[in-house]
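All remarks here apply to the structure that follows.
Read-outs throughout are calculated quantities, based only on the coordinates presented, and are distinct from any laboratory measurement. This is a predicted model, so every value here is computed, not measured. No Cβ is skipped: glycine too gets one built from the backbone with ideal geometry, and neighbour counts run over all protein chains shown.
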Amino acid sequence: MRTGRFLGVVVLLCVSGVTGVADAYTYDASDFATEMVEYVKGSDVGSHWITGETYDNALAALGRPTVDTTGDGWFVPLSDLMPVVPVNPPSRAYEIVTIGNGGSLTVKFDHAVLNDPANPYGLDFTIFSNAFQLGDGVSGWTNGDPADFTLGSTALMTLANVWVSQDGVTWHSFDNDPMAGGYAPTLGRVYDTANPDNSLGTWNLWWGEATDPTLPIDPDLEPADFTGMTVAGIAQIYGQSAGGTGFDIGLLGLGWIQYVRVTDDPNSSATTEIDAFADVAPVPEPGTTALVVTAALTVWAWHRRRRMT
């Protein structure tokens, strides 16, 4: 069951650590798709503009979504590590795979992904892609202070159809709503100026531990909600969530699934890139009413600041 936007963001803030009470995510390989069942490479699969590597490594879609990528050679040196943020998606051929026109990608989890009513927003699994939102100026992302980079209104998304199955034989379609490759962009690391990760380099004053791919973001959020906000502001809304596009298998009348298939949208010539598939983790019962109240006040203050600017 889908909650309203206000309550949804309250839940996200509660479980994602904005109030400082959530534990950091502990990596577990079983949280992600573990088996590449089939990759049918479509046409028009491109290659990386620097290395020349083709985006046809299907194994790139297994495991967790990309946390850190490397520089683009224009705004950031190629050898520099830089966190994936909503304006700077994964782009290396070992990070994402392209479906291609007429293509498909089928993966399997090593367990049943449940339609769990305790999952945030009623979502059961998340697909991560290389969707991203453009800045409002002429300069690209330089990996600098995220409080100094403001987003524009344009998001670049290449969409594909999603199917699920319990046995790999009988398939159920989401009928193009939602679609893989959609909102929201990936956030690789938590915005945490008090605990920056020194392994990134001495330049890093803002990015802490890796985000939680099993914690979805509010599915009602759209590019317009973040227009005019800074990368830092958006990262604070994400909290510990890694973002991605969430799917509720209950909408298909299913109690569980184990296979996910992404197929090219025949109505579009765009080619979709996939980074990862994650099983959503259920949210534990809140410890105190004060937790919800604190999160609600945080959301109220955020919306009030937006109205006043």
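If I stretch the segment between N267 and A232 completely, what's the gain in nm (0.36 nm per residue apart, minus their alpha carbon distance), one decimal? Numbers along the way, then the final one.
Numbers: separation 35, 0.36 × 35 = 12.60 nm, distance 3.58 nm.
The N267-A232 span can extend by a further 9.0 nm.
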Long-range amide H partners of D265, meaning residues 5 or more apart or on another chain whose placed amide H is closer than 5 Å, are N161
Residue order, fewest to most surrounding Cβ atoms within 10 angstrom, among F75, F277, F109: F75, F109, F277
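Which of rounded, prolate, oblate describes the range 166-238, given a ≥ b ≥ c as roots of the alpha-carbon gyration tensor eigenvalues and a/c under 1.5 marking rounded, otherwise prolate only if a/b is larger than b/c? Before the final figure, lay out the partial values.
On the way: a/c = 3.67, a/b = 1.80, b/c = 2.04.
Because a/c hits 1.5 or more and a/b fails to exceed b/c, the range 166-238 counts as oblate.
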Under-5 Å amide H pairs with V37, H placed in peptide plane, nonlocal only: T106, V107, K108
Principal axes first, then extents: for the Cα atoms of the range 135-263, list largest minus smallest coordinate on each axis, whole Å, largest first. 51, 30, 20
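Could you list Y27, Y121 so that the one with the fewest beta carbons within 10 Å of its beta carbon is first and the one with the most is last?
Working: Y27 11, Y121 21.
Final ranking by Cβ density, sparse to dense: Y27, Y121.
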I'd like the Karplus ³J(HN,Hα) series for the range 64-71: coefficients 6.51, -1.76, 1.60, θ = phi - 60°, whole numbers in Hz, and an x wherever there's a Gly or Pro. 6, x, 4, 8, 10, 10, 10, x
Can you divide the C-alpha Rg of the range 101-158 by 2.2 N^0.38 Å and report the result to two decimal places? 1.71
Between the range 198-262 and the range 97-148, what is the C-alpha centre distance in whole Å? 7 Å
So, relative contact order of the range 129-241 in percent, Cα under 8 Å, 6 or more apart, is 31 percent
I need to check one value: relative contact order of the range 26-109, counting alpha carbon pairs closer than 8 Å and at least 6 residues apart, in percent. 47 percent
Can you sort H111, H172 from fewest to most other Cβ atoms within 10 Å of each residue's own Cβ? H111, H172
Using every pair of alpha-carbon atoms in the range 41-165, split the distances into 10 Å bins beginning at 0 and state the percent of pairs per bin, rounded to integers. 11, 35, 34, 18, 2
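Sorted by average packing, counted as other Cβ atoms within 10 angstrom per residue and highest first, what order do 127-135, 37-45, 235-243 take?
On the way: 127-135: 24.4, 37-45: 15.4, 235-243: 26.0.
In decreasing order of mean packing, 127-135, 37-45, 235-243 become 235-243, 127-135, 37-45.
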Quick one: which residues, 5+ away or cross-chain, put their amide H under 5 Å from the amide H of D197? H built at 1.01 Å from N. W207, G208
Fully extended contour minus Cα-Cα distance, from Y94 to A29, at 0.36 nm per residue: 21.6 nm
